[in-house]
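Only one structure is covered here, and it is reproduced in the block below.
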Amino acid sequence: LREAAPAGVVATADSGAHRILLSQIWACDRPRGLLQSTGLCTMGCALPLAIGSALGSGRPTLCFTGDAGLEMVLGELATLRDLELPVVICVLVDESLGLIALKQRQLGLKRAGVDFGATDFAAVAQAMGGHGVTLSDRDGLRREAEAAFDRPGFTLLACRIDSKAYGGAF
């Protein structure tokens, strides 16, 4: 996504394992190039941050969110539609609360209450007036991301990842 994003892109991230990893590897090409909740660990904040950034800056905007976080704020897709904002949303779909599962594992606890059912985010995006696609490989992601930054309206990239993908990553 970093390679596909245009210069000056503003990225946003909500809380979760993906935010910790993204904070370590995302390269910003300008100040305030990555907006995120840090101290409050707010799930679902990436999409409202992206909407505000796109409205206030007019810059290309890329939103990183987990599947549980996006489920908390699905109504914001209607805001994107109505404001005709070209925000690109990357939702990491692992059907689990990855950071909590990681903490449980680190503490030697049994995995409990961190897994949930699948949402067809691509279908939801289309139903809400955007473009949505489900992806499971880098080539498809690159192709769809490049197209997304040239497309009017919002695009949702539902990226399937293994629920154990964060193990040992940080």
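The values are calculated or read from the model by the stated rules, or taken from the named source; none is laboratory data. None of these values were measured; they are calculated from a predicted model. All Cβ positions, even for glycine, are placed from backbone atoms using ideal geometry, and neighbour counts span all protein chains on display. With ligands, DNA and RNA removed, areas are computed over all heavy atoms of the protein, side chains included. Shrake-Rupley method; radii C 1.70, N 1.55, O 1.52, S 1.80 Å.
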Probe 1.4 Å, protein heavy atoms only - accessible area per residue of the chain in square angstrom: 49
Ellipticity estimate at 222 nm from DSSP helix runs (n ≥ 4, -39,500 (n - 2.57)) divided over the chain, nearest 500: -10000 deg cm²/dmol
FRET E, pair Ile100, Ile25, Förster distance 25 Å, beta-carbon r, rounded to 0.05: 0.70
Where the Cα pairs of the chain fall when distances are cut into 5 Å bins, in %: 2, 9, 19, 23, 22, 15, 7, 3, 1, 0
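What do you reckon, how do Arg105, Arg19, Arg32, Arg138 stack up by accessible area (1.4 Å probe), largest on top?
Largest accessible area first, the residues go Arg138, Arg32, Arg105, Arg19.
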Fluctuation leader among Val88, Val114, Val133 - the chain, Gaussian network, Cα springs under 10 angstrom: Val114
Gaussian network model of the chain, Cα within-10 Å springs - most flexible of Met43, Met128, Met72: Met72
Solvent-accessible area of His131 with every protein chain in place, 1.4 Å probe, in Å² to the nearest 10: 60
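Using a 1.4 angstrom probe with every protein chain in place, what is the largest-first accessible-area order of Thr65, Thr119, Thr38? Mind dumping the intermediate values first?
Details: Thr65 5, Thr119 45, Thr38 80 Å².
Result, largest first: Thr38, Thr119, Thr65.
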Portion, in percent, of the accessible area of the chain that falls on carbon or sulfur, probe 1.4 Å: 54
Under Karplus coefficients 6.51, -1.76 and 1.60, residue-wise ³J(HN,Hα) of the range 104-114 in Hz, glycine/proline x: 4, 4, 4, 8, x, 8, 5, 5, 8, x, 10
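Fully extended, how many nm does the chain gain between Leu83 and Arg2 (0.36 nm per residue separation, minus their Cα-Cα distance)? Numbers along the way, then the final one.
Working: separation 81, 0.36 × 81 = 29.16 nm, distance 2.52 nm.
Difference between extended and current length: 26.6 nm.
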Between the range 1-31 and the range 44-62, the alpha-carbon center distance in angstrom: 13
Most fluctuating residue given options Phe149, Phe116, Phe64, as computed from a GNM of the chain linking Cα atoms under 10 Å: Phe116
